[in-house]
Amino acid sequence: MMKKTCLLLLATTMLVISCSDETTVFTDPLSDENNIRLETSEQVLENSIVYDKAGVIDIYEEDKSTGKFSKAAEVAGDYPLTLVAQVAPPSFAGGENITATHVHVVGDFAYVSYNTAGADYVGGVDVINVSDPTSPSIASRLYYSNADVNAIKYDNGFVYAVGGVDAELSARATSNSFLAKIPVNNGRMDTGNVTYGFHQGFVSNDVETTDNTILVTSGKEGTLTVYNKADLTILNEIPYADLRSVALKDNNIALLDGSIGVSILDQNYNVVRDIAIDTDFGVAKRTLDFSGNKIIVSEGAKGAGVYDYTTGTLLEYVPILINPEGVEESNIVTNAIAVNEGVVLMANGGAGLCLSEEQADNTDLVGIVDLDGSINYVESKGDYVFAASGKAGLQIIKMNKPDESLETKCEGAVRYRGSSWLNVNPGEVFSYSGFTRLSGININGSLLLCGSWSVRNDVNMNSDGLFEMNGTFAVGRNNSRKNITINQGATFRVEGNLTIYGDLILNDGATLEFIGTDSVVDIYGSVYMNGSVAIEGTFDDVKNKFE
């Protein structure tokens with residue numbers, strides 16, 4: 001978020017490389033005695049990974065008749081999302097109110113920046129190992145006791161962090177906006193060889209990199225500052241009235257300027273075209289993203305504006321459709337947008353994370369994802385969503401996209417569009433495919449589910465029932481545990497990934513069968529075998545609950 005002036009106190013030895021009177025670059029061997037340090041306690045890092053609310057995520061959908069949003073939908077919905085884990089923000093003496101501001105995911109790691117809302121100037125950086133996103137861990141954590149970090153980018157062995165400094169209070173900062181170049185090796189940051197640069201502007205709020213340069217935007221009365229990536233000397237400073245964000249597309253540079261809209265620049269920083277946007281962008285950070293030939297702009301209280309990248313024509317507005325009680329109006333704003341294979345995710349501050357689908361001519365709202373915190377930023381890669389959620393920290397969400405190959409394995413299965421409570425009566429035989437979330441399942445007959453499914457409540461397989469699943473199936477959540485119960489004579493046949501945030505209960509005469517050799521079972525509760533039960537096949541027992 002863009003705000004205030006901050007203090008970045010940088011110590012001892014200084015190597016100066018000047019490009020103008022306003023700019024200074026230096027390297028500083030900082031220690032724990034100064035204002036930047038690494039967390040050394042493995043226990044602190046381990047305890048920062050929180051699974052309390054892991055599990056099936058509700059989506060608040062709009063009731064067309066009342067216009068109100070509710071998660072108690074009568075009809076099953078798409079997007080069986082699950083919350084994998086939360087990463088609690090850093091906390092230390094003098095830094096108890098740190099909030100997550102930005103996240104960048106590259107390869108096996110997620111890089112997260114933090115600042116502090118209000119008058120204090122405290123921040124940090126996390127490098128989180130997400131090589132297995134279902135079991136994240138913090139590889140390293142850096143604290144700034146006197147600086148906010150507002151945005152972050154990883155590129156080729158370095159974390160590029162940008163924020164604000166108070167030049168009047170710092171002996172070495174030559175202006176309020178800073179760029180830090182932090183070496184990182186296999187997720188571990190090196191604070192002994194951090195290089196800093198300073199440039200004009202109220203506060204640095206976004207950063208991008210090319211092969212040879214670093215591009216930084218710096219808010220009110222700031223600049224697009226172009227740094228040489230090798231030594232952080234400034235190659236160019238282009239003044240703008242109110243820069244909020246920078247993005248790259250097709251060798252062009254897109255800038256969001258709160259005073260005029262979007263400017264498209266070529267590689268020589270000449271303006272190719274402007275997209276005029278008549279919006280009050282407020283005072284906070286806003287971002288822009290691309291989807292094909294569209295450019296999607298976060299426009300604060302208006303929501304997201306969708307523009308044709310080539311012509312600049314406004315195609316539509318995707319509004320903020322929920323107004324939560326008890327949230328200040330100034331915090332009900334679209335801060336950032338991410339696009340993932342036709343899914344548009346809007347970080348709407350106190351109004352949560354909005355999920356929509358891109359259609360040929362418009363964007364259709366799906367609903368509001370039930371997450372804690374004020375959503376400041378969102379990034380989505382592959383099957384995962386990473387949301388920087390203010391004081392709630394980083395939230396890692398699995399989309400559970402169906403494997404396309406499942407469609408051929410389940411020929412004849414139709415797309416499910418029925419009740420959110422799926423009931424199979426005695427003698428009934430159903431086969432469904434989907435990418436679906438349900439409230440609950442009761443099986444007295446035969447049911448085949450193909451694709452990806454989540455269930456908020458219990459799954460009950462009654463006597464002689466048959467349940468076969470091929471794909472991904474998740475039940476319950478960690479703070480509201482639900483069970484799968486297999487009763488006498490019932491069979492549960494699994495091919496794929498099964499996650500239960502609760503217990504697996506096998507009553508006398510129940511059968512659990514695994515097909516193939518690649519099935520995975522992750523049970524957060526316990527496995528109860530009440531009497532004589534049969535467990536057949538090969539599977540990976542993630543938490544060793546069958547031992």
Listed with the fewest Cβ neighbours within 10 Å leading, 299, 96, 168 appear as 168, 96, 299
Counting only DSSP loop positions in the stretch 445-490, the trypsin sites (Lys or Arg not before Pro) whose Cβ has at most 16 other Cβ atoms within 10 Å are 481
Taking the beta-carbon count within 10 Å as an exposure proxy, list 290, 281 from fewest neighbours to most. 290, 281
Stretchable slack from residue 132 to residue 428, in nm (0.36 nm times residue separation minus alpha-carbon distance): 102.6 nm
Please report, in debye to the nearest 20, how large the charge dipole of the chain is about its Cα centre when each Lys and Arg carries +1 at its beta carbon and each Asp and Glu carries -1 there. 460 debye
Please list, in order, the residues from the stretch 363-388 whose amide nitrogen is less than 17 Å from a point placed 7 Å along the Cα→Cβ vector of residue 314. 363
Return one quarter of the surface area of the convex hull spanned by the alpha-carbon atoms of the stretch 405-541, equal to its mean projected area, in nm². 7.3 nm²
Exposure proxy ranking, count of Cβ atoms within 10 Å, fewest first, for 380, 177, 259, 48: 259, 380, 48, 177
Over 29 Å between C-alpha atoms is what I'm after, so list which of 220/391; 181/398; 153/398 land there. 181/398
Give the label of the value calculated from the structure for volume of the Cα convex hull per residue in Å³, choosing from [x] 151; [y] 132; [z] 220. [x]
Give the calculated FRET efficiency between residue 280 and residue 532 to the nearest 0.05, with a Förster radius of 60 Å applied to their Cβ-Cβ distance. 0.30
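Every number here is computed from the coordinates shown, using simple stated rules; none is lab data. Bear in mind the structure is a predicted one, so any value in this text is a computation, not a measurement. Glycine gets a Cβ as well: all are built from the backbone with ideal geometry, and neighbour counts include every protein chain shown.
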